[in-house]
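The structure appears below as structure tokens.
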Amino acid sequence: MARGGRGPSRLLPFGDRVAPSLGLVLALMLAASVWGWLDPAIQDAAGLAPTLVVRGELWRLFTWPFVQRDPLALLFGGFMLCWLAQQLGFVWSERRFLLRFLGYTLFAGVATTLVGEVWSPASSPHWGIWPVVNALIVSWAMLFPDRQVNVWGVLPLTGRTAAWIVLGGTVLYGIAAGGL
């Protein structure tokens, strides 16, 4: 990330450069996920459970995206964060990227808690980085609507199309989970 702080540090074992704030997020994801796999009580304590947030367990508004329920979510979520942090951190700065990451986390947690108070399917516990990653993808798409990205190296998409796919995919996942 070019602006807003020290230069990138080497963190990933394959030599990629990551900014310290992204390194912190990735390290927290790895530690919380592995700890949660070894001790399911950690997963339960970190998940976004709207009914428990209303009862005062406010830390849940920030901890839920750090616990991944399976290794693939950790791996691909981390890769997406690396790619997005590089792109968005250059435009926003490293500090703003971290603040937006935390802001999207808090906003999603509060919104889910409020919706969970009036609609019971939303009151079930939530874990994982993908809602925050999806918000970052839409942010990237709004900043770069005509920029092309190749999904899996073969499917070319513009930012605008990627945003629509994320929106449609979110609706489909909601339907598949019994949300409608």
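Residues are listed down the side, and each one gets a yes or a no for (1) in a helix (DSSP H, G or I); (2) at pLDDT below 95; (3) farther than 26 Å from Ile175 by Cβ:
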| position | (1), (2), (3) |
| --- | --- |
| Ala41 | yes, no, yes |
| Glu57 | no, no, yes |
| Trp83 | yes, yes, yes |
| Leu88 | yes, yes, yes |
| Tyr104 | yes, no, no |
| Gly109 | yes, no, no |
Practice prompt. Tell me, please, whether a residue that is over 22 Å from Phe97 (Cα atoms), at pLDDT below 95 and loosely packed, with under 14 Cβ neighbours inside 10 Å can be found in segment 16-25.
Written response: no
Discussion item. So, in segment 26-70, how many residues would count as being farther than 16 Å from Phe101 by Cα, open to solvent by 30 Å² or more (accessible area, probe 1.4 Å), touching a residue at least 12 places away in the same chain (Cβ under 8 Å) and not hydrophobic (A, V, I, L, M, F, W, C)?
Written reply: 3
Practice prompt. Would you check if there is a residue in segment 93-100 being open to solvent by less than 50 Å² (accessible area, probe 1.4 Å), modelled with pLDDT under 95 and either touching a strand residue (DSSP E or B) at 6+ places or on another chain (Cβ under 9 Å) or not in a helix (DSSP H, G or I) (or both)?
Written response: yes
Worksheet item: Would you pick out the residues in segment 121-168 that are open to solvent by 50 Å² or more (accessible area, probe 1.4 Å) and part of a helix (DSSP H, G or I)?
Response: Pro121, Trp130, Pro131, Met142, Leu143, Arg160, Thr161, Trp164, Ile165, Leu167
Item to complete: Could you identify the single residue in Val166, Val154, Val132, Val138 that is in contact (Cβ under 8 Å) with a residue 60 or more places away in the chain and among the aliphatic types (A, V, I, L, M)?
Response: Val132
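The values are calculated or read from the model by the stated rules, or taken from the named source; none is laboratory data. Keep in mind it's a predicted model, so treat the numbers as computed, not measured. Here the Cβ is made from the backbone with ideal geometry for all residues, glycine too, and neighbour counts use every protein chain on show. Accessible surface is based on the protein model in full, side chains and every heavy atom, while ligands, DNA and RNA are left aside. Shrake-Rupley method; radii C 1.70, N 1.55, O 1.52, S 1.80 Å.
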